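Reading through the structure tokens given below for one structure.
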Number of protein chains: 2
Amino acid sequence: MAMLSQPNDGHDHPEKKDPDTTPKQVAGVISSQDPPHPAKDVAEERARTDWDLKEMHEFLEGDEAKSEQILRLYQSIERDPILQTRPEQFDYTQKQERELVANRINQMTKFLETEPYGKFRRRLQLMTVIDPSLGIRMLVNIGLFLNCVRGNGTQKQFDFWSNKKEAGIVKQLYGCFGMTELGHGSNVAGCETTATFDEKTDEFIIDTPHIGATKWWIGGAAHSATHTVCYARLIVKDVDYGVKTFIVPLRDSRHSLLPGIAIGDIGAKMGRQGVDNGWIQFTEVRVPRFFMLQRWCKVDRQGNVTLPPLEQLSYISLLEGRVGMATDSYRIGARYTTIALRYAVGRRQFSKKAGEPETKLIDYTLHQRRLLPYLALTYAAAVGTDRLERQHEELLANLDIALAKKDKLLLKNTITGTKSMFVDSGSLKSTLTWLAADLINETRQACGGHGYSSYNGFGKTYDDWVVQCTWEGDNNVLAMSAGKTIIKTVQQVLNGKELKDSTLEFLNAAPELSKAKKAVIRIRDHVDDVDRVLKAIAGLISKFSKDLIPISYQSWDSIGAQRVILSKLRCHYYLLETFNERLNDKIKAKSPARPHLENIIKLYYVTNILGPFIDEFLRFGVISPQVAKYITYEYPQKLCANIRPYVIGLTDSFQQPDNFINSLIGKYDGNIYTNYLESVKDVNDPSNYKAPYSEALEAMLNRSALENRERSERGKAAADILSK
Amino acid sequence: MAMLSQPNDGHDHPEKKDPDTTPKQVAGVISSQDPPHPAKDVAEERARTDWDLKEMHEFLEGDEAKSEQILRLYQSIERDPILQTRPEQFDYTQKQERELVANRINQMTKFLETEPYGKFRRRLQLMTVIDPSLGIRMLVNIGLFLNCVRGNGTQKQFDFWSNKKEAGIVKQLYGCFGMTELGHGSNVAGCETTATFDEKTDEFIIDTPHIGATKWWIGGAAHSATHTVCYARLIVKDVDYGVKTFIVPLRDSRHSLLPGIAIGDIGAKMGRQGVDNGWIQFTEVRVPRFFMLQRWCKVDRQGNVTLPPLEQLSYISLLEGRVGMATDSYRIGARYTTIALRYAVGRRQFSKKAGEPETKLIDYTLHQRRLLPYLALTYAAAVGTDRLERQHEELLANLDIALAKKDKLLLKNTITGTKSMFVDSGSLKSTLTWLAADLINETRQACGGHGYSSYNGFGKTYDDWVVQCTWEGDNNVLAMSAGKTIIKTVQQVLNGKELKDSTLEFLNAAPELSKAKKAVIRIRDHVDDVDRVLKAIAGLISKFSKDLIPISYQSWDSIGAQRVILSKLRCHYYLLETFNERLNDKIKAKSPARPHLENIIKLYYVTNILGPFIDEFLRFGVISPQVAKYITYEYPQKLCANIRPYVIGLTDSFQQPDNFINSLIGKYDGNIYTNYLESVKDVNDPSNYKAPYSEALEAMLNRSALENRERSERGKAAADILSK
């Protein structure tokens, strides 16, 4: 397994000539040459940074307080003996990784008990970037489990489980989230686990009727959880009321399984090996009636069921996961563009002219074209997901106020806001988790063979990452759902409705936009005008949706692919709109950061929006054909060239420290080869040059001839005897 | 970690209604419902297969003999106690995996010693699909090492190392391939390890001058190899003759490292954990002059160096790896489309109408659109890579004859053939390994959460696979190289040259094609005409290349991205041309297989060629804008609908047995849930419901209150004392 290509593959190296026979090595039997100096190259390029890193970091994170909190948390994590990363962890087996995660959970609870909750959540969010298994193992309890109790339970039920029983600080009780079943993923309403009311004993009987209803993938169930919130069909007096939620204890205070509970480890996974996902089967497990979460649906002692209208609100609290995944996409993007761009500056390959030093990877046009659009996307994702986070926090706060004060107007607005949040979070979660997966893949390939080494981080992060495209809303299902809402919204606007308090308000222009005959972007200069680009996206969404409305009457299913495209366009509109606003609001005209951000925003929309969807923009006449080549080839190349000299500063601006970046070839000092070799040696002692199974290997190599091993029974002598 | 999405994400399920209070559960406290019947669904769909699987398999594999050999080999592997797959292997640690691979190598040598070499190579190729680490560990010796000795050494040198020293049967000697260095991947000519001739002792001194020249990624070096072929700069009398090859012993017959050799384990990798990749540093290691491979370049006793003109031919033998990777892409594609399509038939999610059974995944339009183009691609890749294999074998055979008989005409043709082979193998290797990576990713996502379980195969295969995009020619470097040759070829043809004996002969039409004003595909019917589609691709290649010629005079570098596109188009032309010819040659007009293959070939080119490159086809006026929407949306949907009823038979036609497919949800019988749960239980004993580290976890949950743990030193009592 050598990472090779043959010389005559001709990366544009100079033509081969006859060897020059002038002596050019130092005399003597051993040659000695100048080693590579990647750290020097990185330092030189770093010196070009002509803006204030603090200003840029605050731009990315949204404000000074958040930026400072994040920098302090980086420091806290880097110093913490348990939370910090170590190269040898890339060699951990599943068992070791699970134990490491358990130790980190223990360490994290110490902060959870003592620091403000907002700060702790930010800490957990950052830890999730470097240890996604830790993130999800804590989040199944303090996120999914408790959010479900909060959203579906009464205030007293929440107080009981979270505070009195201390699940809120991961003490006494550890909750998991028993939603998905072996046969039911996206279709939660189709869950088949049953919760049958037994009027005689005032209990629910939780039961798994058949193999398909086995709870599956339940994070924390295999070894950690003491309780689960169980999604099960409420059955009262032979009537099926659909899926509701129930607290079901799984283990006693000595952590032994309770009777009727069968649990197993799901075993090996593509990634997140540190999570103890389990399956659960319930056999006639009885829980008291008051273990049902009864904020909305209630069952009384006599088995009377009440179903209030606002039950949909119970799902708001579950949106948190999607918002978090969108933000994770930004931080993962920052981490991997930093690694790949530092490497691209420090690494040299082929000379452009004979006799000259080899060229830095980043000086190849294609290399710029592969990486810089992702850098620009990461900037856009930073700003856009910061807005999404704030939008989500505000929504939750308003909901609490509205319900507490019984403020009907605020409640109405909150419901409108929830609708926006469903589209925005669904569309950002799906689009950005997909793009982040692509980004990790492309940055890995851009580091050549070294991208494949675990110690540079790509492999584990990719494997841990990609489940984000599937869970808490499969990306295609989420995107189709967002796309459907967009089409319906355009239809409503075309029918005269005016959108208010919705993040889709830009679609109020759909009537004109969808009728426009003239292209929005007709000449090259138009591509430089952000407002025009926003109008072009809005125009495409309007025309595309209008085109699909008649088909949607026949079959929503048949336009699945188109709905996914609409969702992606919506995400990009959101990101671009936010980026543009923040650039105008926060960065002064004379700030040295401004010209860089202007290049970045252009590269973002040219290579992530206009380029990838160019066939749709052309098909609907939103962009004129004569600027197509400019958009797909010429302008991106020019913008890349503008950004190229500043790649070190632009990635330094993310301010992620070495221990967080956790990549031997991606460290701040750019000393690629020394950092890499020394750590590889630390983790893999070179004195172990024989494998543990070396004896068998040597025996194979030193085996005797086939004839001997066949006891010479096929040889001529045997033939002579056996043939007679 | 539950794989969930909320009910109101609205996969087009029916509108929510008030619960129907008519009793519909069986009476009693426990409900019992009908479990899912995926096996029944798969069996029913299998019954639709109306063609002969044997005929189809022969079509895919090229001929009856090859098809039969492959089926027998599948059987042999499935029965073999060491070579067969087992679900528990997905849980193996790196150490276990390496030992498993070593045992398999031992088993494989028994076949290598006794069966015809061609059959053994096919066995190894198939084993590579299920155990890529085994494949590469054997291939570094019998492929790369021995091919290098064959290509660069004299016949006697090859006989010595391969036969007398028995490296050819992995006995006595185990060779590795010491090409790549820490600082040099693609640019082999830039390697910095030195081989300095010492005239006094008639030896070469092999030396690593600095850290950047450390041999890196060397498969088998860490623990297995006894020798390496070392790529090093030949230095004689202070003159640097460039990179040549030398046999350097690494370990003695007791497998201990020789003096001057430092070797270490590269450690953890994204995939292929079963390979013992190592790094090597040489410090004044002396080897006799006759350890230099001297088929082309020779150094005599006095230090006179001769460099004959045909040295380029030494690289032919290294093309084998690229050809193999192209073929691997087909077999991996077959394996994963089989899994995902069986699952898509057996798995149901959401009902299209209230009260109806849930819908099979494959009956969603988007699901068809996601998977069936990959199925079609796999068929095209089967046929195209079979041709590439045969073309490669013929080339090697002719080269041997030409050199043995000193047949100058044949040698000239062989050199032309080599040029074709460089473009074809580079372009197919890069395009198909990228597409296979996409295919594994998309099929995994199409299996939802279950795609993330190791036992269904996706994760390990993806991780093992993606290095194929990097090694033996980085895909972008290879594609740019192929693209460059294509542009130059078009230029030559435009200047009047006629291509002969080249697989690029279709470009002889470039003069007319590049001038054509009328689009090749103007109306819908044109899309059904394969010859016209071939002409459209040739037309696009011609026009695109012609457009780039003037820029190439300035800078090849600036058109890197365009060269990659040309390479992809060249790959698809090759696949489509071959598919079309074989369909016409081998499948009778009345064969029941024909209509299916006609749908498949159309879906292949519409969704893999015309669609993805539509913007280029439009920009160069090869396709008229009025058919664009038909090509990107309407026709693919129709073709998918035609193919949809036969997906079980179309994947059965690959004939890969269960043990080879090695996926719990992808088995032939379609009994998804039972196969899955039972094996997960076998591998993860449910009686282990406590983690090995459970004590620490329980101690955390049962910890005392914070105040106690702080020795009450922050409480009011302490405050009273300490404040006084």
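The numbers here are math on the coordinates, done by the rules we state, and not lab data. Every value quoted in this text rests on a predicted model; they were computed, and no experiment measured them. Ideal geometry is used to build each Cβ from the backbone, glycine not excepted, and the neighbour counts take in all protein chains shown.
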Practice task
In whole angstrom, note down how far apart the Cα centers of region B:239-273 and region A:257-290 are.
Solution key: 49
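Before rounding to the nearest 500, sum -39500 (n - 2.57) across all DSSP H runs of length at least 4 in the protein assembly as shown and divide by the residue total; then give [θ] at 222 nm in deg cm²/dmol. Before the final figure, lay out the partial values.
Working: 50 runs with 700 residues, N = 1448.
The per-residue figure over the protein assembly as shown is -15500 deg cm²/dmol.
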Completion exercise
Restricting to lysines and to Cα separations under 16 Å from residue A:460, and discarding same-chain partners fewer than 8 apart, the set is A:95, A:269, B:269, B:460
Exercise for the section: Return A:471, B:434 ranked ascending by Cβ neighbour count within 10 Å, so the fewest neighbours appear first. Expected result: B:434, A:471
Problem - Spin-label pair residue B:438/residue B:694, simplified geometry with 7 Å Cα→Cβ offset, distance in nm - result: 4.8
Handout entry: Order of A:317, A:712, A:694 - criterion: other Cβ atoms within 10 Å of each residue's Cβ, fewest first
Key = A:712, A:694, A:317
Fill in the blank from the handout: For residue A:586, the lysines lying under 28 Å Cα to Cα, once residues fewer than eight places off in the same chain are dropped, come out as A:54, A:66, A:119, A:429, A:500, A:535, A:568, A:602, A:638
Completion exercise
FRET efficiency for residue A:505 and residue B:258 from the Cβ-Cβ distance with R0 = 60 Å, rounded to 0.05, comes out at 0.20
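Given Cα pairs under 8 Å that are at least 6 residues apart, what percent is the relative contact order of region A:315-657?
Working: 416 pairs, mean separation 77.2, N = 343.
Relative contact order here is 23 percent.
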Problem - Global form of chain B, assessed from the alpha-carbon gyration tensor, a/c cut-off 1.5 - result: oblate
Completion exercise
Restricting to lysines and to Cα separations under 26 Å from residue A:200, and discarding same-chain partners fewer than 8 apart, the set is A:156, A:237, A:244, A:298, B:24
Exercise for the section: With +1 on each Lys and Arg Cβ and -1 on each Asp and Glu Cβ, and nothing else charged, work out how big the dipole of region B:61-148 is about its Cα centre, in Debye to the nearest 20. Expected result: 240
Fill in the blank from the handout: Charge tally for neighbours of residue B:261 with beta carbon under 13 Å away, counting Lys, Arg as +1 and Asp, Glu as -1, is 0
Practice task
Kindly put A:144, A:435 in sequence by how many other C-beta atoms sit within 10 Å of each C-beta, fewest to most.
Solution key: A:435, A:144
Practice task
Evaluate the relative contact order of chain B (contact order divided by residue number), counting alpha-carbon pairs under 8 angstrom at least 6 apart; express in whole percent.
Solution key: 16
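Provide a whole-number value for the mean count of partner chain Cβ atoms within 10 Å of the Cβ atoms in peptide A:363-369. Can you show the working numbers first?
Values: counts 1, 6, 7, 12, 3, 2, 3.
Average per residue, whole number: 5.
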Practice task
List the distances, in nm to one decimal, from the label point of residue A:154 to the label points of the same position in every other copy, shortest first, placing each label point 7 Å from Cα along the Cα-to-Cβ direction.
Solution key: 9.6
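Relative contact order for region B:322-477: what is it in percent, counting Cα pairs under 8 Å that are at least 6 residues apart? Don't skip to the end; give the middle numbers.
On the way: 152 pairs, mean separation 47.4, N = 156.
Value for region B:322-477: 30 percent.
Place a +1 charge on the Cβ of each Lys and Arg in chain B and a -1 charge on the Cβ of each Asp and Glu, then give the dipole magnitude about the Cα centre in debye, rounded to the nearest 20.
Taking the Cα centre of chain B as origin, the dipole is about 1180 debye.
So if each residue of separation counts as 0.36 nm, and I subtract the Cα-Cα distance between residue A:629 and residue A:72, what length gain in nm does that give?
Values: separation 557, 0.36 × 557 = 200.52 nm, distance 4.60 nm.
Working it through step by step, the gained length comes to 195.9 nm.
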Completion exercise
Quick shape check on region B:61-148: root eigenvalues a ≥ b ≥ c of the Cα gyration tensor, a/c under 1.5 is rounded, otherwise prolate if a/b tops b/c, else oblate, and it reads oblate
Fill in the blank from the handout: Spelling it out for residue B:193: with amide H atoms placed in the peptide plane at 1.01 Å from N, the residues 5 or more places away or on another chain with amide H under 5 Å from its amide H are B:233
Practice task
For residue A:115, put the label point 7 Å out on the Cα→Cβ axis and report which residues of region A:135-151 keep their amide N under 14 Å from it.
Solution key: none
Exercise for the section: Find which of B:304, A:294, A:553 sits farthest along the positive direction of the dipole of the protein assembly as shown, computed with +1 on the beta-carbon of Lys and Arg, -1 on that of Asp and Glu, about the Cα centre. Expected result: A:553
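Placing +1 at every Lys and Arg Cβ and -1 at every Asp and Glu Cβ, with all other atoms neutral, what dipole size does the protein assembly as shown have around its Cα centre, in debye to the nearest 20?
Values: 190 positive and 180 negative charges, 387 e Å.
That gives the protein assembly as shown a dipole magnitude of about 1860 debye.
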Exercise for the section: Using only Cα atoms, locate the centre of region A:656-724 and the centre of region B:556-592, then give the distance between them in Å, rounded to an integer. Expected result: 40
Handout entry: Dipole-positive endmost among B:645, B:434, B:154 within chain B (Cβ charges, Cα centre)
Key = B:154
Exercise for the section: For region A:193-220 and region A:518-553, write down the distance between their C-alpha centroids in whole Å. Expected result: 50
Fill in the blank from the handout: Taking a crude spin-label model, label points 7 Å out from Cα along the C-beta direction, the residue B:594 to residue B:300 distance in nm is 6.8
Completion exercise
Taking every DSSP bridge whose two residues both lie in chain A, the antiparallel percent to the nearest 5 is 80
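What does the charge count around residue A:154 come to, taking other residues whose C-beta lies under 11 Å from its C-beta (Lys +1, Arg +1, Asp -1, Glu -1)? Provide the component values of the computation, followed by the final result.
Working: positive: A:150, A:156, A:295, A:298; negative: A:159.
For residues surrounding residue A:154, the net value is +3.
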Practice task
Run through the other copies and list how far each one's label point is from that of residue A:658, in nm with one decimal, shortest first; the point sits 7 Å from Cα along Cα-Cβ.
Solution key: 5.3
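Stretch residue B:79-residue B:393 to full length: gain in nm at 0.36 nm per residue minus the Cα-Cα span?
Values: separation 314, 0.36 × 314 = 113.04 nm, distance 2.99 nm.
Result for the pair: 110.0 nm of gain on full extension.
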Handout entry: Selection from A:266, A:279, A:326 lying farthest towards where the dipole of region A:243-354 points positive, charges on Cβ
Key = A:326
Exercise for the section: Run through the other copies and list how far each one's label point is from that of residue A:722, in nm with one decimal, shortest first; the point sits 7 Å from Cα along Cα-Cβ. Expected result: 9.0
